[in-house]
Amino acid sequence: MKVFKIGLDDTDTSFGYCTTYIATLLIEEVIKNGFEILDFPYLIRLNPYIPYKTRGNASVSFEIKANHDFIEKIISKFEEMSKELKDERQDKPNPVIAIYEGEVDKSLNYFYHKSLVKEIKVEEAIDLAKKLNIKYYALKSERGLIGALAAIGADLKEYTYELLSYRNPSEKSKLRELSYEKVKAMNEIFKDYTFQNLDEEKKRILITPHGKDPVIVGIRGKDPDKLVEAYRFLNIDAERWIIFKTNQGTDVHLKVASDMKCFDKYSVIYERCKIIKEPKITKGGHVIIEASINNKRSKLLVYRESGEMNKVARLLKEGDEIIIGGGIKDVEEDILIINSERIEILSLKATYIKKRPPCPRCGVRMKSNGIGKGLKCEKCNVKIPFEFNLAIKQERPIKEGQVFIPPPRARRHLTKPIEKENLGNPKQFSLKYFFSKYLLLHQKSIVNFS
């Protein structure tokens with residue numbers, strides 16, 4: 001028996017498939033054939049600022065102990081499923097499966113980190129696959145190889161979990177019948193173990209997708225056992241469900257960006273910057289802030305949909321220093337155009353207003369006694385023979401050390417919530433974290449589903 005890590009990407013279609021669902025079907029084949037799954041399957045979110053990313057910008061990998069004959073069966077099964085994938089867009093999808101044998105090479109770890117924060121060309125992925133003798137199958141273009149290799153190379157030092165349940169793709173037109181009240185009740189019970197379930201301000205459910213893909217719900221959290229309990233509370237009839245280990249909700253892209261220091265178009269950025277002009281507010285309510293980052297001129301875009309973060313951006317002043325997290329939308333005449341997803345207040349420039357001094361006798365604010373006649377207290381008639389003002393320091397409505405991110409409905413998959421601790425608890429994968437109606441029919445003794 002050998003250890004293999006299998007990576008998949010770019011199987012999303014507008015007609016009812018997604019990469020996690022294809023991975024789940026392949027994992028089911030592993031279980032049916034009696035081979036061992038060594039860890040939770042990985043759901044890996046990549047650089048969110050790549051414009052041609054797949055729908056969820058995610059790739060998947062799973063690690064198994066098997067033989068080469070079975071690996072050939074897995075590849076054949078993937079080929080068979082890939083040929084059924086169709087999309088209204090001619091250039092989509094571009095399904096890829098990659099097979100890596102043995103201990104993951106450090107160059108794959110680096111490739112994963114790079115895929116979180118930079119634009120990667122397909123040629124770089126092909127060269128790496130050739131260098132490491134990685135076998136892969138691509139239905140059309142090799143674009144999906146980028147995500148497949150990144151998922152294989154993912155080293156999740158910090159992670160969360162997500163339980164994904166699926167309907168049959170033939171039911172793609174069927175409504176997902178899940179009420180806001182039910183999800184709110186689940187959230188109240190499991191709020192210490194889950195995150196991103198709903199947006200209370202807009203009364204919006206965040207655990208159900210809106211497209212035709214097979215996902216019914218996706219519940220994110222830090223404890224797999226609690227995810228199973230939360231899922232059962234919702235009482236959903238699903239064909240299959242499985243728990244993935246993920247990099248969601250970890251801010252890993254910002255941490256890597258802080259080390260890699262890349263300022264190219266589409267790169268993730270996490271840098272200290274100084275505000276050099278007062279913020280401008282557009283007609284649509286978006287905020288544009290001119291700033292300096294590593295001596296580079298920048299424009300920080302804080303969209304209206306960012307909620308409180310948008311309001312905070314309006315309060316920033318020339319001379320303030322912040323840390324900005326986001327992505328470089330464009331570079332125009334050496335000016336970085338940055339989509340903002342996180343603002344950390346480092347230092348606030350003191351601002352002052354001029355006021356007349358208080359009366360030394362009664363404390364009432366003094367007023368001018370006329371041109372060249374000094375100041376006078378209108379209450380007790382105290383006079384000062386010359387005019388002057390005091391510089392009064394203004395209290396700023398924002399404080400140093402505060403951190404702001406968009407509301408749940410507008411966050412990136414990778415964004416770490418600031419309102420709660422969400423990082424995952426170490427757990428060993430077992431078949432209690434996977435369910436399939438077809439496994440029950442195939443072999444009831446595989447796992448106790450009670």
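Here are some notes:
- Choice from 210, 113, 286 showing the highest fluctuation, given a GNM over the chain with Cα pairs closer than 10 Å: 210
- Among 195, 386, 263: highest mean-square fluctuation, GNM of the chain, C-alpha pairs under 10 Å: 386
- Here the chain yields Rg over Rh of 1.12, to two decimals, using C-alpha coordinates and the Kirkwood radius.
- Restraint check, 2/73; 283/317; 118/222; 277/329, Cα-Cα greater than 25 Å: 118/222
- Extension gain for the segment residue 333 to residue 432, taken as residue separation times 0.36 nm less the Cα-Cα distance, is 30.1 nm to one decimal.
- Computed over Cα pairs, the Kirkwood radius of segment 197-336 leads via Stokes-Einstein (1.306 mPa s, 10 °C) to a diffusion coefficient of 87 µm² per second.
- Tilt relative to the chain, helix 68-82 - C-alpha long axis, 0 to 90 degrees, to 10: 70 degrees
- Under 5 Å from the amide H of residue 216 lie the amide H atoms of 165, 166, 167, each residue being 5 or more positions distant or on a separate chain, with H modelled from the backbone and absent for Pro and chain starts.
- Most mobile listed residue (48, 357, 397) in the chain, GNM with C-alpha springs under 10 Å: 357
- Surrounding net charge for residue 202, when Lys and Arg each add one and Asp and Glu each subtract one, Cβ distance under 14 Å: +1
- Both radii are taken from the alpha-carbon atoms of segment 352-393; with Rh as the Kirkwood radius, Rg/Rh is 0.97.
- For the chain, the longest principal axis of the alpha carbon atoms and the long axis of helix 19-32 meet at an angle near 40°.
- From the C-alpha gyration tensor of segment 31-160, square roots of 5λ in Å: 22, 19, 14
- Helix 224-234 axis, angle to the chain major axis (alpha carbon atoms, nearest 10°): 90 degrees
- The overall shape of segment 131-207 is oblate: from the C-alpha gyration tensor, with semi-axes ordered a ≥ b ≥ c, the ratio a/c is 1.5 or greater and a/b is no larger than b/c.
- Computed from phi, the 3J(HN,Hα) profile of segment 186-193 under the Karplus parametrisation 6.51, -1.76, 1.60 (θ = phi - 60°) reads 4, 4, 5, 6, 10, 5, 7, 10 Hz, with x in place of Gly and Pro.
Read the figures in this text as sums done on the coordinates, not as results from a lab. The structure presented is a predicted model; accordingly, all values stated were derived computationally and were not measured. Heads up, the Cβs are rebuilt from the backbone with ideal geometry, glycines too, and the neighbour counts pull from every protein chain shown.
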